[in-house]
Amino acid sequence: MILAILQARMSSSRLPGKVLMPLAGAPMIVRQIERVSRARRIDRLVVATSVDPSDDPLAEAVRREGVPVFRGDLADVQARFIGALDQYGPADHVVRLTGDCPLADPQVIDATIDKVVAAGADYGSNTPPHRTYPKGLDVEVMTAAALRAAAARATTPEEHEHVTWILHRRPDLWRQAFLSQGPEEGDVRWTVDFPHDYAFVAAVYDALYPANPAFTSDDVRAFVRTRDDLAHYGGERRV
């Protein structure tokens, strides 16, 4: 079983509440769930958020979509992943996703899972040392055993906050596999961290979602190429 855990919280330091900001008439987290749910390799999706009261509206919005929620420590994201795995497993592999990626690509998610599983790797992603996919399409895949082993070894704040900190830094301990693409888009920015990121993604959704809610990454690229005002919106490369 492949369990996808989508981590999200309301207390973002750079853009608080972004996960509930509207995209085409629904909260951003809901739009991301729609896209992730199209990945054929994911058997179950869980949103992992915190027990902090600030995350109550987030948990309610996700549950209204029929998606299960696990709530744990605000600062210890890794513990939230282990808690979600304990409650909604058992699983062979765990997919780590983050709630700032409303343009998540289900085909890229599937391809990353396929790469890691086929290689018999303990950990893998589409963000190797040389990134080729846009920021905002990030996918990490690991065996449940590797996730548990990483959690058992965790001693630093970075390990507890970033979940896979040790997994991708210790290829001597865990077999790794990475997915890359031909086009060099590693500096393309589709993630949402700042107001200008949100404005860019909102413009994409307003243009593409009404006609095709399942618009693809290629649809995004084609649209942005027609809009000089968006191609480098906020001083960032967008296509």
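The values are calculated or read from the model by the stated rules, or taken from the named source; none is laboratory data. Since the model is a prediction, treat every value here as computed from it, not as a measurement. Cβ sites come from the backbone with ideal geometry, for glycine too, and all protein chains shown count toward neighbours.
Whether any residue in segment 78-93 is within 21 Å of Ser13 (Cα to Cα), out of contact with any His (no Cβ under 8 Å at 6 or more places or on another chain) and in a loop (DSSP other than H, G, I, E, B) is what I want to check.
Within segment 78-93 (the criterion being within 21 Å of Ser13 (Cα to Cα), out of contact with any His (no Cβ under 8 Å at 6 or more places or on another chain) and in a loop (DSSP other than H, G, I, E, B)), the answer is no, since none of the residues qualifies.
Out of all the residues in segment 22-45, which are touching a strand residue (DSSP E or B) at 6+ places or on another chain (Cβ under 7 Å) and either farther than 23 Å from His162 by Cβ or not in a helix (DSSP H, G or I) (or both)?
Passing the criteria: Arg31, Ser37, Arg41, Ile42, Asp43, Arg44, Leu45.
Which one of Ala207, Ala154, Ala149 is closer than 24 Å to Arg38 by Cα and either hydrophobic (A, V, I, L, M, F, W, C) or touching a Leu at 6+ places or on another chain (Cβ under 9 Å) (or both)?
The unique qualifying residue is Ala207.
For Ala48, only one of the following conditions fails: (1) in contact with a helix residue (DSSP H, G or I) (Cβ under 8 Å, 6 or more places away or on another chain); (2) in a loop (DSSP other than H, G, I, E, B); (3) without any contact (Cβ under 8 Å) to a residue 60 or more places away in the chain. What is its number?
(2)
Looking at segment 3-20, I want the residues that are over 20 Å from Ala84 (Cβ atoms) and have a partner that is among the β-branched types (Val, Ile, Thr) with Cβ atoms under 6 Å, at least 6 apart or on another chain. Which pairs are those?
Pairs found: Lys18/Val192.
Return the total of residues in segment 165-217 being under 18 Å from the mean Cα position of the chain (by Cα) and modelled with pLDDT under 95.
Adding up the residues that qualify gives 2.
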